[in-house]
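Read through the structure below, which is laid out as structure tokens, and then see the notes.
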Amino acid sequence: MSLSESERRRFIDDGVLIRRRAVRGPLRTRATVLVDHWLRDAYDPQQLTAYTNRSFAPELEDHPDLLALYHDGPLADLVGQLLHPATCAPVSRAQIQVRLPDGAEQPVKAMHIDGVSCPHLEPSDLRTFTLIVGVVLSGSATDDAGALHYVPGGHHRMARYFAEDWTLGQTAQTPDDVDAQDGTAFTAEPGDVIVMHHLVPHRVGLNHSPEPRVMAYFRVSHAQHPDLALRALTDPWLEYPALADLARAETV
Ligand SMILES: O=C(O)CCC(=O)C(=O)O
């Protein structure tokens with residue numbers, strides 16, 4: 001499905017693209033059942049913090065039913081259109097993030113961008129990428145049900161922050177004015193998809209609903225990301241050549 005002009009502009013302005021019911025039918029069902037079974041049979045409560053920091057169901061990260069969410073529906077093509085004419089590195093891993101209902105003592109995640117100053121990494125470790133694609137498998141219907149919260153347009157602020165105030169190795173994840181924000185909740189139904197520029201700050205909070213909120217995420221990197229990573233922190237469109245042209249045209 002083609003990206004519309006207004007979706008491109010929205011992605012430039014907000015750093016976010018939302019497609020409702022983009023993943024349907026057996027693609028979604030197979031992935032949902034797989035994670036449900038893992039939660040029932042393999043989930044180890046002792047590992048809750050490690051799962052939250054990295055991924056639930058880590059042994060399923062390359063399972064065909066999870067990778068199919070990205071490769072066999074419209075998502076790979078959608079991402080290709082955002083990065084065009086650049087290409088991306090192979091997407092070969094899924095990350096599963098579950099927000100369990102209240103009472104599970106699951107750590108919340110403060111505003112952050114992925115792979116920079118992560119509390120569970122060395123502050124000098126950079127694990128950045130180009131964009132993230134999140135697919136809702138269950139839950140997220142209300143903002144207090146463990147929904148992802150993001151700061152629309154926060155990629156512009158973060159690029160300025162990286163250019164002016166940041167040094168590699170510092171522990172603060174975002175500047176204070178970003179940290180203080182609640183963000184916009186991605187309230188969603190199963191099958192809804194969010195594509196988020198890597199520089200968009202986001203957080204997740206408590207899940208006051210009775211149902212686990214389950215998302216599958218795919219991290220996508222421009223094929224030359226290792227060479228571009230540092231500069232991409234200060235130039236949001238470095239890895240999106242066509243959007244760079246559009247963004248420039250908007251500012252003249
Ligand atoms: O749980 C989520 O949906 C988001 C998790 C997150 O922000 C992260 O894994 O970096």
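FYI, it's all coordinate maths here, none of it is from the lab. Remember, it's a predicted structure, so these values are computed and weren't measured experimentally. For neighbour counting, all protein chains shown are included, and Cβ atoms are generated from backbone atoms with ideal geometry for every residue, glycine included.
Observations
- Angle between the chain longest axis and helix 241-251 axis [Cα atoms, degrees, rounded to 10]: 60
- Model label sites at ARG40 and THR187, defined 7 Å from Cα along the beta-carbon direction, differ in position by 3.0 nm.
- Computed over region 5-251, the range of Cα coordinates on each principal axis works out to 50, 37, 30 Å, biggest value leading.
- Most mobile listed residue (GLU59, GLU239, GLU189) in the chain, GNM with C-alpha springs under 10 Å: GLU59
- Additional length obtainable on full extension of the chain from SER6 to ALA242, 0.36 nm per residue less Cα span: 83.5 nm
- Remark: the GLU105-GLU164 segment gains 17.6 nm on full extension, using 0.36 nm per residue and subtracting the alpha carbon distance.
- About the Cα centre, charge dipole magnitude for region 5-251 (Lys/Arg +1, Asp/Glu -1 at Cβ), debye: 480
- Each of VAL116, GLN181, GLN170 was placed along the dipole of region 86-182 (beta-carbon charges, centred on the mean Cα), and the one lying farthest toward the positive end is VAL116.
- For ASP227 and ALA180, a Förster radius of 45 Å and the Cβ-Cβ distance give a FRET efficiency of 0.85, rounded to the nearest 0.05.
- Over the chain, dividing the summed -39,500 (n - 2.57) contributions of all DSSP H runs of at least 4 residues by the number of residues returns a 222 nm mean residue ellipticity of -9500 deg cm²/dmol.
- With R₀ set to 25 Å, the beta-carbon distance separating ASP144 from ARG20 gives a calculated FRET efficiency near 0.75.
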